[in-house]
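The values are calculated or read from the model by the stated rules, or taken from the named source; none is laboratory data. Here the structure is a predicted model, which is why all the values come from computation and not from measurement. Cβ coordinates were reconstructed from backbone atoms using ideal geometry, including for glycine residues, and neighbour counts include every protein chain displayed. When the accessible area is computed, the model is the full protein with side chains, heavy atoms only, and any ligands, DNA or RNA have been set aside. Shrake-Rupley method; radii C 1.70, N 1.55, O 1.52, S 1.80 Å.
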Amino acid sequence: MGGLRDPFVIPGLILLGVLTVLAVLLYRAAPQTAAEVGSTALVAVRPDAFTPRVSRARERVDAAQRARVAGDTSGAIARYAEAEEEALSARERAADTTQVRTATELWANIVLDRAELMLGSGARPWYRADDTQVLNEALASVQRLRQVSLTPGTRSRAADLDTRIRRQLRAGPLEWLPR
């Protein structure tokens, strides 16, 4: 008879309800790593999706850099692609111009990092043919940046990378000669 009169029953039931809601939100957010658990839960709960998406994009960039250091080029390119999607998603959900600029710069730097990695993986020594498909994809990524307004530093980095990729796409020993 004293089941509900126990001082731990009511708080225990409340705690069980709260944990159940958190478990459902975590399941709905579908994080891929343990580091994403906090940011994906914020996306599910918060009406402002900008900040968690930027955080998730930065987490993906960190994962890409770890894969790059470990020598996993294809894994790093895949993580950069995921980070690019998250940053673009954050840009779409930005509430003001400051958030748009922040997300745009983040997205542009991710695109440039991915294109540099693709340039490194697509360019081969002189005695082997370059992977032109990868180089053309890297060039297309860099050219997408022309459509948005960027800071001068990012714009010059994009122009430099564009020149390097175009030079690498030139046939044979012509890639060594400046245009």
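Working only within region 65-90, note down all residues that are open to solvent by less than 80 Å² (accessible area, probe 1.4 Å) and over 11 Å from the mean Cα position of the chain (by Cα). Result: 67, 71, 72, 73, 75. Contact map, region 60-72: residues that are basic (Lys, Arg) paired with residues that are part of a helix (DSSP H, G or I), Cβ distance under 7 Å, separation 6+ or inter-chain. Pairs shown: 60/79; 60/82; 60/83; 60/86; 68/76; 68/117. Out of (1) over 24 Å from residue 163 (Cβ atoms); (2) crowded, with 18+ Cβ neighbours inside 10 Å; (3) at pLDDT 90 or above, what's the single condition that is false for residue 106? Status for residue 106: all satisfied but (1). For the structure I just gave you, tell me whether residue 53 is in contact with a helix residue (DSSP H, G or I) (Cβ under 8 Å, 6 or more places away or on another chain) and buried (at least 21 other Cβ atoms within 10 Å of the Cβ). Yes, satisfied. Of all residues in region 31-48, none are at pLDDT 90 or above and surrounded by fewer than 18 Cβ atoms within 10 Å (Cβ to Cβ). Taken together, the criteria place residue 97 among residues that are modelled with pLDDT under 95 and open to solvent by 30 Å² or more (accessible area, probe 1.4 Å). Mind checking which residues of region 137-154 are open to solvent by 80 Å² or more (accessible area, probe 1.4 Å) and more than 18 Å from the chain's Cα centre (by Cα)? The answer is 146, 147, 149, 152.
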